[in-house]
Structures are given as structure tokens and as C-alpha cells.
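Data first, discussion second: the structure below is written as C-alpha cells.
The values are calculated or read from the model by the stated rules, or taken from the named source; none is laboratory data. Computed from a predicted model, the values in this text were never measured in an experiment. Here the Cβ is made from the backbone with ideal geometry for all residues, glycine too, and neighbour counts use every protein chain on show.
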Amino acid sequence: MKINVLVAEIGSTTTVINAFNNIFSENPEFIGQGQSATTVAENDVNIGVNNAIIDLKKNLNIKELKYDKLIATSSAAGGLRMTVHGLVYDMTVRAAKEAALGAGANIHQITAGKLRRTDIKKLKEINPNIILIAGGVDYGERDTAIFNAEKISELNLDVPVIYAGNIENDEEIKLIFEDYPGKLYIIENVYPKIDTLNIEPTRKVIQDVFEEHIIHAPGMEKVKDMVNGHIMPTPGAVMEASKLLKEHVGDIITIDVGGATTDLHSVTEGSEEVNRILISPEPIAKRTVEGDLGVYINMKNIVERIGKDNLTKQLAITKEQLEELIKNHKPIPESDIEKRFVGELTKEAVITSVKRHAGKFRSLYGDSGKKTVAEGKDLTNIKYIIGTGGALSRLPKSIEIMESIAKSNKGNDLFPNQEALILIDNDYIMASLGVLSIEYPLAAIKLLKKSLNMNI
């Protein structure tokens, strides 16, 4: 059998292969999926990719499989580890952080101001895949970024460095990194002037750098032996799919509840009403990662948030039964009670992560009396709430879970309203379609609408 495109999603524990055909036609097809354990520990993820292809052939009931292109997303080997170094936390550092998260990075260190000895020590211990230096609006403060660049250059790490700060420093930065063993990228300032974010150029370069340097990650050295197309961080691929969908159907938020984390991707300009009273700018495309809200690895964190007494009431079970569920918790629930247990965990993860992602109204009091302002991301214009990831794609009450978002608004949260439509990534292929969209955007949007059952 001949396949147009295979997409490998190389996760920290599982590798999934998705097969797509008729990519150039009016009716592209998702034809099957295979999976296997990820083989980072064997120092070769290709073993897991090949095993997933074998599983795909079994599921398709075929003996031979040929393909034109194999592309991939990856969160294996710890994902994309980044450190971010800027001037003022609420300005350049925040802008740089938004760019990194939107590209799918896992940020392990954020510093504001001049690097201290303890910062340098931690940076070396992290051993990042990419270092991002920002600082100063264009033609503003220069010294902090130069100081930080000199300190990072002295470390002599073979790690790519991105500079996205004050444009006046560009030539100075080139001289500082002249003999640096890693590659230097100089791009547009992420915060060129007060209250202006310019994160898309940085986000794009981070994804390009990841693709170029992924082969240096443990277990990933041979990945280019099989992958003959693009490879990008899995969260970055979900963001690409979300941005593509926004172009075609309007403002969206994508919620991905996983075993270790819950990721949220919102793509919206917000409402004019809120923008007029917004304290500081927010990116159109924003990603947040809640590292304590996973329904498998971090299950006990969510149980503590809900409370065991509340859980026994919600599930209508005894304390002994709850303890048994916690003790024997599985990556994939099987029985009805296990599914209901994970459902309650997922609901808590969804509501908490949206609350952390969304902004809110605040009241300020001064000489002229009370004034209402807004801070954070405005989700009030969201038209669609998308559920992806294992929990929301597979649980029986996932739509009901996401309907609870608007109902949980206490009145001052900038949440989606109850008119927002709930959609499920039924085929669980959103990340695959994000990387597919780089070369085949028309096929990707058609396949995405099919998976979401969108008749538009």
C-alpha cells in the first residue's frame, strides 16, 4: 500500500503514527493509526517509530507499506528545553516567554536583569537546547542584554543562541559571539516599543532552530534517517493547528489535558471593549502549560485540589474505593468507575487551567473613585472550545466537562461565554495536522474540520 504522508508523534512514553492519503485532492483522508513505546532509552527513537509503523500495518491489515514523506512532532527527550533572559519581567522577559511557549518550548529558567552567579550556575545545570536573550526596546536600554550575552558567551556551550532585543545591539552581539561554538540567530525585537509585542518572528525561529538541532537530543540522533520532512515540538504543532483553524472559523481555544500537564492554546484578539481597558498587551496566540495538572503522572496533585471527601461524593463511592482507584491508577482507564474518576480529574484540570490562562477584571480605587481595568488574556470572544489529547478525545463526558468552563465563571473572569461551541478532536490528530499544515495547509484544515465534525 502507498501512503502520501506519515506523521510520527514522538512522545515521552508513546510514539504514534498517523497515516494520511489523497493529500492533494479535494477529499484528503486520515486512514489509520499505529502506536508503540517511545525508545529514547535505547538511544534511537527510530525503533519506536518503526514499531508504530508495524502496528499501523496490522491495523490496516496490510503486509507492505510505502510512503512518500514522513514528518514528525516530538516531545521526547524532555521536549525543547529553553532558558529566557531579558530586562524587565513584565516587558521584554514576558514577551520572550510568550514567544518560547508559543513555539512549544519547555522553559526551564527565566531571568530579568543582569545575570547573577547563581543564574549562570543554574543555566549550566539545565543544559538547554536553546538560549533566548532579549532586553530593551529599540533604541532604549542596551547594557543589560550586552552584559548577559557576554556571560553566556563565556560559558562556551555548543547551544544555539537567539538574540531578540534592542536593535542597536545587533552588531555588538555578533562580535560577542564571534568565537562561540553554538550558532547565533539575530532577529527582530520581541518588544520593540512600549506596549507592543512582536513575538511571531521569534516563535518561527525557535521552531526552525528546534528542527535543525533536534538530532543532538538523547535518543534523537538518528531521527533524520527516517524523517524526510519537517519535525517540530508537539505543543508547537498544536499551536500551528490552532492558528490555522482560527484563520478559517474564528477565535478558538484548544485544551490538551495530558498525563503530566495540561496545555492551553488560545488564538484571539479579544474584544474591543476589554482591549480598551487592558493594562498590558497580550499576544494573539498564547500558550500556557500547567505542569501540576496531569491526570496520570500528576494525578495526586489534582486529587488534593478536589479533596478526597468531595471526590467520594461526586463519584458516589466509599473512601476505601477511592483509595483503591488512586493506588491502581492506570494511564488509560478501562472500567466505568475508572473513566468517571479520570473524568473528575479532567474537569478540575480544565477549569483550573482556563482560570490560570484567562485574564480578569479588576477594580482600582483612586482620587477619581472606582475604575475597572482588565489584565491578562481576554477569552470572551472565543467562538469554539476545542478538546484534544487523550483525556478529552476519549472520555465519554468530555463535552460536558468543557461546558463547565463558562458555568464556573464567577463574574470577573475573562472566560469564554456559554455560546461558545464545544468540539472534540475525535481522531486525536491535531498535533499531526499542525506539522502537516506547514507544507499542506489546505489538506490540514479539511482533515481538522473532519476530526472536529465541523460542517462549515
Requested in this report: Name the strands (runs of 3 or more DSSP E) wholly inside segment 1-83 in which the number of residues that are more than 17 Å from Asn228 (Cβ to Cβ) is 2 or more.
Outcome: 14-21, 29-37
Query raised in the report: How many residues are aliphatic (A, V, I, L, M) and closer than 14 Å to Ala76 by Cβ when one looks only at segment 191-225?
Result: 5
Query raised in the report: Which of the residues that make up segment 174-208 are of a type in the set (A, V, I, L, M, F, W, C) and in contact (Cβ under 8 Å) with a residue 40 or more places away in the chain?
Result: Val190, Ile194, Leu197, Ile199, Val205, Ile206
Requested in this report: Hey, can you tell me all the residues within segment 4-20 that are in contact with a Lys or Arg (Cβ under 8 Å, 6 or more places away or on another chain) and surrounded by 22 or more Cβ atoms within 10 Å (Cβ to Cβ)?
Outcome: Val5, Leu6
**Report entry** Selection within segment 95-112 - crowded, with 24+ Cβ neighbours inside 10 Å and either of a type in the set (Lys, Arg) or in the same structural domain as Thr268 (by TED's automatic domain parsing) (or both)
**Finding:** none
**Report entry** Every residue from segment 2-36 that is free of Cβ contacts under 8 Å to residues at least 40 places away in the same chain, among the aliphatic types (A, V, I, L, M) and touching a helix residue (DSSP H, G or I) at 6+ places or on another chain (Cβ under 6 Å)
**Finding:** Ile17
Query raised in the report: Taking segment 21-44 only, how many residues are under 19 Å from Gly259 (Cβ atoms), hydroxyl-bearing (Ser, Thr, Tyr) and surrounded by fewer than 19 Cβ atoms within 10 Å (Cβ to Cβ)?
Result: 0
Query raised in the report: Residues of segment 87-144 being closer than 20 Å to Lys286 by Cα, at pLDDT 95 or above and out of contact with any helix residue (DSSP H, G or I) (no Cβ under 9 Å at 6 or more places or on another chain), which ones?
Result: none
Query raised in the report: Of all residues in segment 113-148 being out of contact with any Leu (no Cβ under 9 Å at 6 or more places or on another chain) and under 9 Å from His85 (Cβ atoms), which is surrounded by the most Cβ atoms within 10 Å (Cβ to Cβ)?
Result: Leu132
Query raised in the report: Quick one: which of Asn228, Asn166 is buried (at least 21 other Cβ atoms within 10 Å of the Cβ) and either at pLDDT below 90 or farther than 15 Å from Lys97 by Cα (or both)?
Result: Asn166
Report summary line: Ser280 vs (1) assigned to a loop (DSSP other than H, G, I, E, B); (2) surrounded by 15 or more Cβ atoms within 10 Å (Cβ to Cβ): all pass except (2)
Query raised in the report: If you scan segment 384-419, which residues turn out to be under 19 Å from Thr268 (Cβ atoms) and in contact (Cβ under 8 Å) with a residue 60 or more places away in the chain?
Result: Tyr384, Ile385, Ile386, Gly387, Thr388, Met402, Leu414, Phe415, Pro416
Query raised in the report: Within segment 432-442, how many residues turn out to be surrounded by fewer than 24 Cβ atoms within 10 Å (Cβ to Cβ) and in a helix (DSSP H, G or I)?
Result: 2
